[in-house]
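**Q** Quick one: this structure, given as structure tokens, is what I'll be asking you about.
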Amino acid sequence: MHNEQLAILKELMEVGFCTIEMALFLDTHPSDERGVGLHNSYAARYKELSETYNMKYGPLTSNDLSKCPWEFINGPWPWEIEYINCCI
Amino acid sequence: MWIYEKKLEYPVRVDTCDPALAALILEQFGGPDGELSAGIRYLSQRWTMPTDQAKGILTDIGTEELAHWEIIGTLVWRLVKDAPIDKIKGTPFAAHFANHGRSPFPHDAAGVPWTAAFINSKDDPVTDLTEDMAAEQKARTTYEHLIKLSDDPGVIDTLRFLREREVVHFQRFGETLRIVEDFQNTKKFY
């Protein structure tokens, strides 16, 4: 995987983790306004990054848009990626 | 329903080829306090939860556990994928190799296959959430044992992340238990 693709993927993983963490917090603190605000800012960034990634490198999920031939199956798969090559 | 996202929850790094360590890490792939047990336990308990907070937390933590199961499988695979057979012979991983080759398979570090007997769902939210809190602590302890047994800096980095998640999940289950108990106590007065 090229460095630029890996850099976007790693940022997506970071922001994605922030949304997971915020979701768990909000499940037990649903009325926390600051929490919901923080969650929404991560969610908006995630949407932005995943659209960029999808357009440049293909689908992250099977309900993303794909060129022909079907790009979802293109490697490397997550367990095959060498994450250390990235300089961010 | 679920949908697969083509990414790991954490950027797994493995610095060595170490089949003996892979055999130990399998504890969290198919052991009683491993990630598969955690995911199936929490997702099975959702139907009888009385509050929306409890349904939400079991759904989200259960889902995250499946992502952790994928991380553990990745650690095991990376530790053995380039191992020549001579580096597997004589290690604890050889017993696994006899049946499964280099493929991860859900059994514990001693080879006991995963079974639903590791988990429970009791149709009692206080009982279930108390089991879940204990499960998170048991998993945290297991990660601390595995960190002590590991010499691979990349593997240790990932195990430390997973250990931290157990701490966060324990906290959230504790909050959920309090919410459910408050709900049950309120109901008695009306």
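The values are calculated or read from the model by the stated rules, or taken from the named source; none is laboratory data. Not measured: the values here are computed from a predicted model. Here the Cβ positions follow ideal geometry from the backbone for every residue, glycine too, while neighbour counts run over all protein chains shown.
**Q** Just wondering, is there one or more residues in the range A:76-88 that are at pLDDT 95 or above and touching a helix residue (DSSP H, G or I) at 6+ places or on another chain (Cβ under 6 Å)?
**A** Checking the range A:76-88: at least one residue is at pLDDT 95 or above and touching a helix residue (DSSP H, G or I) at 6+ places or on another chain (Cβ under 6 Å).
**Q** Read through the list (1) under 15 Å from B:GLU35 (Cα atoms); (2) among the hydrophobic types (A, V, I, L, M, F, W, C); (3) outside any helix (DSSP H, G or I), then give the number of the only condition that B:ALA110 fails.
**A** The single condition B:ALA110 does not satisfy is (1).
**Q** Looking only at the range B:36-55, decide whether some residue is of a type in the set (Val, Ile, Thr), part of a helix (DSSP H, G or I), touching a helix residue (DSSP H, G or I) at 6+ places or on another chain (Cβ under 7 Å) and within 14 Å of another protein chain (Cβ to nearest Cβ).
**A** No, there is no match, as no residue in the range B:36-55 is of a type in the set (Val, Ile, Thr), part of a helix (DSSP H, G or I), touching a helix residue (DSSP H, G or I) at 6+ places or on another chain (Cβ under 7 Å) and within 14 Å of another protein chain (Cβ to nearest Cβ).
**Q** Where residues in the range A:45-69 are of a type in the set (A, V, I, L, M, F, W, C) and closer than 26 Å to B:ILE71 by Cα, which of them is farthest from the other protein chains (Cβ to nearest Cβ)? Give the derivation first.
**A** Looking only at the range A:45-69, we keep the residues that are of a type in the set (A, V, I, L, M, F, W, C), and these are A:49, A:55, A:60, A:65, A:68.
After this cut, where a residue has to be closer than 26 Å to B:ILE71 by Cα as well, the list is A:49, A:60.
On the way: A:LEU49: 11, A:LEU60: 5 Å.
Once the filter is applied, the top-ranked residue is A:LEU49.
**Q** Let me ask something additional. State which residue is nearest to the other protein chains (Cβ to nearest Cβ) when the search covers only the range A:1-44 and only residues that are hydroxyl-bearing (Ser, Thr, Tyr) and part of a helix (DSSP H, G or I). Show your work before the answer.
**A** In the first step, residues of the range A:1-44 are kept if they are hydroxyl-bearing (Ser, Thr, Tyr); the result is A:19, A:28, A:31, A:41-42.
With the extra rule that they be part of a helix (DSSP H, G or I), the set shrinks to A:19, A:28, A:41-42.
On the way: A:THR19: 10, A:THR28: 4, A:SER41: 19, A:TYR42: 15 Å.
My answer is A:THR28.
**Q** While we're looking at this one, here's another question. Inspect the range B:114-126 for any residue being within 14 Å of another protein chain (Cβ to nearest Cβ) and either of a type in the set (A, V, I, L, M, F, W, C) or out of contact with any Pro (no Cβ under 7 Å at 6 or more places or on another chain) (or both) and give the result as yes or no.
**A** no
**Q** Please go through the range B:122-137 and pick out each residue that is surrounded by fewer than 20 Cβ atoms within 10 Å (Cβ to Cβ) and either closer than 18 Å to B:ILE71 by Cβ or small (Gly, Ala, Ser) (or both). Even if it seems obvious, please write down each step before you answer.
**A** Of the range B:122-137, the ones surrounded by fewer than 20 Cβ atoms within 10 Å (Cβ to Cβ) are B:122-124, B:126-127, B:130-131, B:133-134, B:137.
Selection gives B:ALA134 alone.
**Q** Return a yes/no flag: does the range B:6-14 have any residue that is assigned to a loop (DSSP other than H, G, I, E, B), away from chain A (no Cβ under 12 Å) and either without any contact (Cβ under 8 Å) to a residue 40 or more places away in the chain or surrounded by fewer than 24 Cβ atoms within 10 Å (Cβ to Cβ) (or both).
**A** Within the range B:6-14, the subset assigned to a loop (DSSP other than H, G, I, E, B) is B:6-14.
Keeping just the survivors that are away from chain A (no Cβ under 12 Å) gives none.
Taking every residue of the range B:6-14 in turn, none turns out to be assigned to a loop (DSSP other than H, G, I, E, B), away from chain A (no Cβ under 12 Å) and either without any contact (Cβ under 8 Å) to a residue 40 or more places away in the chain or surrounded by fewer than 24 Cβ atoms within 10 Å (Cβ to Cβ) (or both).
**Q** How many of the residues making up the range B:16-34 are of a type in the set (D, E, K, R) and either free of Cβ contacts under 8 Å to residues at least 40 places away in the same chain or under 15 Å from B:ILE71 (Cα atoms) (or both)? Walk me through it before giving the result.
**A** As a first pass, look at the range B:16-34 and keep what is of a type in the set (D, E, K, R): B:18, B:27, B:33.
Filter once more, so that each one left must be either free of Cβ contacts under 8 Å to residues at least 40 places away in the same chain or under 15 Å from B:ILE71 (Cα atoms) (or both): B:27.
Counting residues in the range B:16-34 that are of a type in the set (D, E, K, R) and either free of Cβ contacts under 8 Å to residues at least 40 places away in the same chain or under 15 Å from B:ILE71 (Cα atoms) (or both) gives 1.
**Q** Within the range B:15-35, track down each residue that is β-branched (Val, Ile, Thr) and surrounded by fewer than 21 Cβ atoms within 10 Å (Cβ to Cβ).
**A** First, pick out the residues of the range B:15-35 that are β-branched (Val, Ile, Thr): B:16, B:25.
Once the filter is applied, which keeps residues that are β-branched (Val, Ile, Thr) and surrounded by fewer than 21 Cβ atoms within 10 Å (Cβ to Cβ), the range B:15-35 yields only B:THR16.
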